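Quick note: the coordinates plus some simple rules give every number you see, no bench work behind them. The structure presented is a predicted model; accordingly, all values stated were derived computationally and were not measured. In this analysis, Cβ positions are derived from the backbone assuming ideal geometry, glycine residues included, and neighbour counts consider all displayed protein chains.
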Amino acid sequence: MRENLTITLKLNRNDSLITLNEKLSECTNAVFFGINSLDKTDVLPESLRDYESSIFTNQPLIEMDFEKSQENFKIWILKKGFEDLISALIELMLSFSYIINLNEKIKKNPKMTIDGFKKLIFERDKKLTKAHFPELITKIEKSLKSPLKYKSEMLSLNKARNCLVHRNGIVQPNDFNVENGIELSWWYYNVELKRGIEKKELERLDIIDFAEDNMQMTSIKRTKFFNDREKITIRFQEFFELAHFCQTVGFDMLEKFTLAE
């Protein structure tokens, strides 16, 4: 259509966190599968074959004993997991940033044809795709009704990710976010059962009597400190909590996000 129409952009909040949740689900499943497979493996194969009829075999470039290979795989799983957590948050912030930029373009020229609007939607923003994690946070903050609740925790997660990816998890001075090391912090929900005057943390096999038991959910801050030259290590329970925390970040961001009028 060549007729100029007045364009208004609205955010579909129901779909805003779909990609984030999908990425976090894939990530936790992959880490869980990797750790579970590692626990069930007690010997290294001599080689792997691409095809049953192949005359070639695939072997590591350097042979290592089982314990060293096991340790390397744990580090690799952790490294990839943290990459995916940050990737999920980046994808979320990129989608919000794209909407912010698109809204600004529409405000400058609210009347356009359908074809012109389609061209605007599919226009690639090279500068945006090259933005770093802290830069995306700064951009998003300008379109929030109130400050991000978990900014420092998000930045600490990114610090740990950078150390794992670029320095194999060995903390060095350029990784520091506190004196002499990295402090990784996040929030998780602790569920307690209150039975009379007694309290206990909810466990997996607890039987809940909804008529008598009172469940209380508390938000608790977790912190882990890694010294200079120390290797970053995370248990699966902690990694799982970090994934849930990334979901919480998404909910907080979506709740506060608004389009400038």
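Packing, as the average of other Cβ atoms within 10 Å across residues, places the peptides 112-124, 88-100 in the order 88-100, 112-124, highest first. Within straight-line reach of residue 149, meaning a Cα separation under 17 Å, sit the following lysines at least 8 residues removed in sequence or on another chain: 139, 221, 256.
When Rg and the Kirkwood Rh are both derived from Cα coordinates, the Rg/Rh ratio for region 120-193 amounts to 1.09.
Quick one: which of 248-260, 137-149 comes out on top by average Cβ neighbours within 10 Å, and what's the full order, highest first?
Numbers: 248-260: 16.3, 137-149: 13.6.
Ranking, from highest mean packing down: 248-260, 137-149.
A Förster distance of 45 Å, applied to the separation of the beta-carbon atoms of residue 22 and residue 67, puts the FRET efficiency at 0.80.
Could you list the residues of region 22-40 with an amide nitrogen less than 18 Å from a label point located 7 Å from the Cα of residue 247 in the Cα-to-C-beta direction? Backbone N within reach: 22-33. Multiplying the residue separation of residue 4 and residue 221 by 0.36 nm and removing their Cα-Cα distance gives an extension gain of 72.9 nm.
Averaging 1/r over every pair of different alpha carbons in region 24-178 and inverting the result gives a Kirkwood radius of 19.6 Å.
The H on the amide N of residue 222, modeled in the peptide plane, is under 5 Å from the matching H of 186, 187, 188, each at least 5 residues off or on a different chain.
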